[in-house]
Amino acid sequence: MKAMLRKLGSFLISVLLLCSIFPVRVEANFQIPGLCRAETDRGGNFTVKTLDYDYDNNTYFSLRDMAMVFQNTDKSFSLDITKNAVALNMGNVYVPVGGENVPWEDQENPDIALRRNECKVNGQNVFYYTMIMNLPSGDYDCYMMAADLAMILDVDITVPMEGTLRINTQEPFRVDAVSLEQAGYFYGVNSVLVGDATTGECYYQYQSGISYPIASTSKLMTYLLAMDAIVSGQITYEDSVTISDTAQLLADSDDGVLPLKAGEQMTVQELLFCSLLPSSNECALCLAEYIAGTEEVFVQRMNQKAVELGLSQAVFFNSHGLPSYTEDPIPSKRQNRMSAEDMFRLVSYLLKVYPQITDITSMKQAGIKSLALDVRNTNPLLHNLPGVTGLKTGTTNKAGACLVTSLTVDDGNMEHDLVVIVLGTEDSIERGRVSGLLARYAVQTFYTGVEEPEGGPSALPFKNLPTHAEAAVDCILRTARRH
């Protein structure tokens, strides 16, 4: 009897657990089908199917419906959509497959996932998050954010009223950072800053003076100290570094990136590549141990360098940006922290003193001979926007998803390094989207100017940075070398 009661109790508990689990699973993959009207400057008026992903107004639009909207305009495009891939070719004629611009046949929630499907524009790989749906005809449709499509086509898309898109095919895509802030766009982000690292001018900032966890963007300071050691003659690019037991433990953990084994060797150059491109935590640790003997001593140098550069909100606990625990009976969980202003100062200094960092961070992938494998860059904007040269991604639960972007523009006389800093987005999807919008805003502002606030243009005070004349000479020389 007791055995039967135990079995019955276990069964009831299992039922209760399943009942609590299934609603969560359903909610995590929840799309709300809808419709909107798309109006064009050519007088067209179209029905476009939409999917709101998880929340109202988190809206993705049918690319096949949008292709019909842009048909016979200067922004027309063709589509080739398969189960896991979409190819968009601008300037081509779209061939309908049937069902475009008609309402949903079934209002039940479609069971499709938002993910980074393979995506190509004019034959080039780009990184956008999409949903691909199987149609009753056997063909596929793809759903994409309106802002992403607007950036791809370089076209003006606005929402004059709820449920309506207005498309002006004769106007380019533009970003107004202040309007985005007023609409609450940055409320889910810790902080952002957009500026010209060459001149120190800040185009836009949001909560940029507050210190936040910075995750693997910490490796920019690790790179800076490694380059200081190389320039001083302490180490060389060709030095062989023996992987330590500590580095292997990190590699074998959940936070490991590359399969490093104690006793194996990698060159300093390879460790730099792996720290910056795939964001290898173990390789950053190897650099710290090789340069300073122990990571503890290296971290002291990181904090000292922060003081020298005037990074008033910066504090480091390790070389890679992962959570760091104290050895107390009740350990404290700490993370490297910095404000967006401090990060702008650090990046501006880094691009001035060691501009060769972009030779690495502008690479989409690189071969690592000692490991016999290729490593890939984690920065999605390298694929989506011309001129992007880096710099570093970072993610932890506390820091959120972070991205420091650099891109090069030319005013006709010299090159400038524009920098976009985004700290603490909800996930990598939002990190890429926010950074992409602000990177385009940076380029747009560089060429068209920014409205000056009361009191004149916004510029951050710098310590130990060159004067504008020195920066200009350096950028002219860099431009000449590249050309």
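Results, tabulated for the structure shown:
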{"item": "Members of LYS219/LYS398; LYS219/LYS305; LYS352/LYS398 lying beyond 22 Å, as alpha-carbon distances in this model show", "result": "LYS352/LYS398"}
{"item": "Signed unit charges on C-beta, dipole axis of region 266-394, positive-most listed residue ALA284, GLN313, PRO329", "result": "GLN313"}
{"item": "Within the accessible area of the chain (1.4 Å probe), percent carbon and sulfur", "result": "52 percent"}
{"item": "About the Cα centre, charge dipole magnitude for region 313-385 (Lys/Arg +1, Asp/Glu -1 at Cβ), debye", "result": "160 debye"}
{"item": "Average Cα contact separation per residue, region 217-275, under 8 Å, 6 or more apart, as relative contact order %", "result": "35 percent"}
{"item": "Within region 275-300, backbone nitrogen closer than 18 Å to the virtual label 7 Å beyond the Cα of ARG116 toward Cβ", "result": "275-281"}
{"item": "Shape box of the chain [Cα atoms, principal axes, largest first, Å]", "result": "85, 69, 46"}
{"item": "Inter-probe distance in nm under a simple model that places probes 7 Å from Cα toward Cβ, at ASN45 and THR158", "result": "1.9 nm"}
{"item": "Additional length obtainable on full extension of the chain from GLN265 to THR199, 0.36 nm per residue less Cα span", "result": "19.7 nm"}
{"item": "1.4 Å probe accessible area per residue over the chain, in Å²", "result": "47 Å²"}
{"item": "Potential extension, TYR447-GLU308 segment - 0.36 nm per residue separation minus Cα distance", "result": "46.7 nm"}
{"item": "Between region 316-360 and region 415-448, the Cα center-to-center distance that results, in Å", "result": "20 Å"}
{"item": "22 Å tail of the calculated P(r), region 30-160, as % of Cα pairs", "result": "29 percent"}
{"item": "Only Lys, Arg (+1) and Asp, Glu (-1) charged, at Cβ; the chain dipole about Cα centre in debye", "result": "900 debye"}
{"item": "Cα lying deepest toward the dipole's positive end in the chain, options GLY412, GLN71, GLY367, charges on Cβ", "result": "GLY367"}
{"item": "Förster radius 56 Å - calculated FRET efficiency between THR326 and GLU238 (Cβ-Cβ, nearest 0.05)", "result": "0.90"}
{"item": "The chain: relative contact order as a whole-number percent, Cα under 8 Å and 6+ apart", "result": "13 percent"}
{"item": "Dipole moment magnitude, nearest 20 debye, region 291-415 about Cα centre, only Lys, Arg, Asp, Glu C-beta charged", "result": "260 debye"}
{"item": "GluC sites (Glu not before Pro) within region 37-111: DSSP coil, no more than 13 neighbouring Cβ in 10 Å", "result": "GLU105, GLU108"}
{"item": "Low-density loop cleavage sites - GluC sites (Glu not before Pro) in region 226-325, where at most 11 other Cβ are within 10 Å (DSSP)", "result": "GLU238"}
{"item": "Cα centroid separation - region 56-113 against region 221-260, whole Å", "result": "47 Å"}
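The values are calculated or read from the model by the stated rules, or taken from the named source; none is laboratory data. What you are looking at is a predicted structure, and each value in this text was computed from that prediction instead of being measured. Using ideal geometry, Cβ is built from the backbone for each residue, glycine included, and neighbour counts are taken over all protein chains shown. Remember, those area values only see protein heavy atoms, side chains included, never the ligands or the DNA or RNA. Shrake-Rupley method; radii C 1.70, N 1.55, O 1.52, S 1.80 Å.
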